[in-house]
Amino acid sequence: MKKWLVRILLVCVVLFVAGVVALTLFLDRAVKHGVETFGPQLTRVSIKLDGVGLSLLTGSGSIKGLEVGNPEGFKAATAIKLDRASLSLQPGSLLSDKIVIRSIRVEGPVIHIEGSPGKNNLTQIRDNVQASLGGGAGGTSQPGASAGAGKKLQVDEFILTGAKVNYTVPGVGITVPIAVPDIRMTGLGTGPEGITAGDLTSRVLGQLTGDLVPLLTTALNDAVSGAGKKVTDEAGKLLKGVGDLLKKK
């Protein structure tokens, strides 16, 4: 009798584990599909994602190989490249009306910026997101994007750290690296209504583009001043050379 009970328990455990694995694989594919399908509708640029890993048992997760394309008219192939981001969530909330995410940590994204400090490829993506959500200038809401990103979220903490920004300075033709302070946002969607993935994206991009304006302005001024000094120095050398030549004659 005891042997039969042990066998039944083992079968139950195996079925439970198999069910968890199957559900996790389904969620992984569903999240990847959602990002690559509704992400472009929201941002109006291409989005590619290598993979998603979620654990229902531990409540941990990660995404790998995220690439966000550039809007039309910009030269770089991508605006943002991210090798990995991690998150921690309440597993039980996955089947509820609002998914509770304890933390999202984005580490070391590589961001390419082209344009002026206040109007560039990143601000264009931000404006596209806001327009898709119905709050942007010159755009209309896209129902598909809103519906696909409609699941309510609560994000207790969002951290973006170690960002590497490469800024192509307009009119000068050089690309300079910019150190970006970390971004930490808390208490997002803590109310009963929560927020959507689109709302979260809009807020993060708004914070990032706002923080970058003074940094890009300084980089632009320094690059223009440096270019002007170089031109002045070259002109001085040329005039000196002409003067020396005339003296010889």
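The values are calculated or read from the model by the stated rules, or taken from the named source; none is laboratory data. Computed from a prediction, not measured in an experiment: that's the story for all the values here. Counting neighbours? That spans all protein chains shown, and the Cβs are built from the backbone with ideal geometry, glycine included. Side chains included, ligands, DNA and RNA excluded: accessible areas come from the protein's heavy atoms. Shrake-Rupley method; radii C 1.70, N 1.55, O 1.52, S 1.80 Å.
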message: Given a Förster distance of 25 Å, report the FRET efficiency between Asp182 and Asp222 from their Cβ-Cβ distance, rounded to the nearest 0.05.
response: 0.65
query: Can you work out ³J(HN,Hα) from phi for every residue in region 112-129, in order, using Karplus 6.51 cos²θ - 1.76 cosθ + 1.60 and θ = phi - 60°, giving whole Hz and x for Gly and Pro?
result: 9, 10, 10, x, 7, x, x, 9, 8, 5, 6, 5, 5, 5, 4, 5, 4, 4
Neighbour cut-off at most 10 other Cβ (10 Å), DSSP loop, GluC sites (Glu not before Pro), region 39-121: Glu72
message: Once you place label points 7 Å from the Cα toward the Cβ at Asp211 and Glu107, how far apart are they in nm?
response: 1.7
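Which of the trypsin sites (Lys or Arg not before Pro) found in region 66-128 are loop residues per DSSP with 13 or fewer other Cβ atoms within 10 Å of their Cβ?
Working: sites: Lys75, Lys81, Arg84, Lys98, Arg102, Arg105, Lys119, Arg126; in loops: Lys75, Lys119.
Passing both the DSSP loop test and the Cβ count: Lys75, Lys119.
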- prompt: With θ set to phi - 60° and the Karplus curve 6.51 cos²θ - 1.76 cosθ + 1.60, what are the ³J(HN,Hα) couplings of region 204-214 in order, to the nearest whole Hz, using x for Gly and Pro?
  reply: 5, 5, x, 5, 5, 5, x, 5, 7, 3, x
query: What does the charge add up to near Asp182, with Lys and Arg as +1, Asp and Glu as -1, over the other residues with Cβ less than 15 Å from its Cβ?
result: 0
- prompt: Can you run phi through the Karplus equation (6.51, -1.76, 1.60; θ = phi - 60°) for region 167-177 and list ³J(HN,Hα) in whole Hz, with x for Gly and Pro?
  reply: 9, 8, 6, x, x, 10, x, 10, 10, 10, x
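Ordering Thr196, Thr168 from largest to smallest accessible area (1.4 angstrom probe), what's the sequence?
Values: Thr196 20, Thr168 55 Å².
Final ranking, largest accessible area leading: Thr168, Thr196.
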